[in-house]
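Reading through the structure tokens given below for one structure.
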Amino acid sequence: MAGVVERRSIDVVPDGERHGRAVSQFTLWLGANLQITAVVTGALAVVFGANPFWSLIGLLLGNLLGGAVMALHSAQGPRLGLPQMITSRAQFGVRGAAVPLALVIVMYIGFFASGSVLAGQAVGELTHLGETPGIVLFAVVTAVAAAVGYRLVHALGRIAGLVCALAFVYLGIRLLHRADLGALLADHRFGLPVFLLAVSLSASWQLAFGPYVADYSRYLPRHTSARATFWWTLSGSALGAQWSMTFGALAAAAAPAAFVGHEVGYVVGLGGAGLTASLLYFVIALGKLTINVLNTYGGFMSLVTGVSGFRGQRTLSPRGRAAYIAGIMVAGTAVALLGKDSFLTAFKDFLLFLLTFFTPWSAINLVDYYLISKERYDIPALSDPDGRYGAWNLRALAVYAVGVLAQLPFLSTHFFTGPLVAPLGGADVSWLVGLAVPAAAYWALARRDTARLPEPATAPTGARSPAGSGG
């Protein structure tokens, strides 16, 4: 058991502990996306006005664009051997990274909560305990799996990918027996606002993985091809998400009254009754377990990263690890129980809200890693507020704030609509602005700051590093 439970947290993974192949990213992200919340995300495009034909095209475009950005983060894992968000210290400072980290933690808690609502319904039906006990039971199992760590996360991804793929094939056949696919896709009328909503929904789904995707590639051997890591991650995530979202969009179009508000019940009822229904409830819970473990594990990593920047902490005891994970679990479960009765509308606004805050972070992180630092970081300095990266990088934080504010005129959510949304016919293009503006601004400000760039041979203690790796 000692070899199964993970010992590492925010510390660098030495070369002697690296293992696996890049294809593991495909199985993990396929399994993480073949699940009920992705189905609901695809359905939202139809629920909020797009026809199925253009919904599917918009969802595909968003999955590819957002997935490419997410996969660029994944490629950092083998190179550096670090969790994703600790690299933000190279841009924002050792303590300044706590600003985007705080928002990342909110994201994890929100996704934990939304997943627990849907999985709790399945667990409640499967165990005959009811929805609220189902949510609590599911949360406890999630926390235990996250505490075991990296190896179990990847094992869950492989199992869930296979089981959920078989289930979705079966459900897809059952759906097409009830609905005429040609009739569902016959309406080709194009509406720009709802098309861009579909793009934004799937892009935000993919971009939201960015703050933790490298957590699950950091154990890969250092010599693992960045190109292979990128393509395996993108293909697994985009394929799984598009598959689930396509099913959701078609289900919402075929039976809007039966599906909306009763997503889990509709999916299970589509498959059958008796033993088949029990198996489908299990599949729904298994799919949600995979992604909720990712959210709990990533939340724990981000929380430790934020706190350790002020405490100077580089390692974490098993007891401390359990305490952080329990905190994420309790907070996520509380949100799930409070928000379970208004899930669908709240989840759509939550996704678009997340997009506003994570596209600027993603743009800054990628520009710094690939264009400014050239894939080299001084890893010991990432834990030293007096080191190369400093405690606070006010210029990067200012660019981040500008990136968030620049999106507001183009943002369309239930609680806020920007002044430029109406002239664009109601289209929400805020995420495109959130990528372009901070990327250009950060590159213009940081490209001359050579003092932050490490020497080519900088390496952490206890880990062998080739020249130029910075890791």
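Every number in this text was worked out from the coordinates using simple rules, so none of it is lab data. The shown structure was predicted, so the numbers you read here are calculated from the model rather than taken from an experiment. Don't worry about glycine lacking a Cβ; one is built from the backbone with ideal geometry, like all the others, and counts go over all protein chains shown.
Some points to look at:
- Residue order, fewest to most beta carbons within 10 Å, for Arg21, Arg227, Arg388: Arg227, Arg21, Arg388
- In degrees, nearest ten, helix 226-254 long axis to first principal axis of the chain (Cα): 20 degrees
- For the stretch 15-356, the fraction of C-alpha pairs farther apart than 32 angstrom is 25 percent.
- Degrees separating the helix 98-127 axis from the principal Cα axis of the chain, which is the longest one: 30 degrees
- Theoretical ellipticity at 222 nm over the chain - DSSP helices of four or more residues, -39500 (n - 2.57) apiece, nearest 500: -22000 deg cm²/dmol
- Computed over the stretch 47-130, the ratio Rg/Rh where both radii use C-alpha atoms and Rh is Kirkwood: 1.12
- Tilt relative to the chain, helix 430-446 - C-alpha long axis, 0 to 90 degrees, to 10: 10 degrees
- Each principal axis of the Cα cloud of the stretch 188-229 was taken in turn, and the coordinate range along them, longest first, works out to 49, 18, 10 Å.
- Cβ crowding within 10 Å averaged over residues, with 9-20, 403-414 ranked highest first: 403-414, 9-20
- Ser204, Ser88 arranged by Cβ crowding within 10 Å, fewest neighbours leading: Ser204, Ser88
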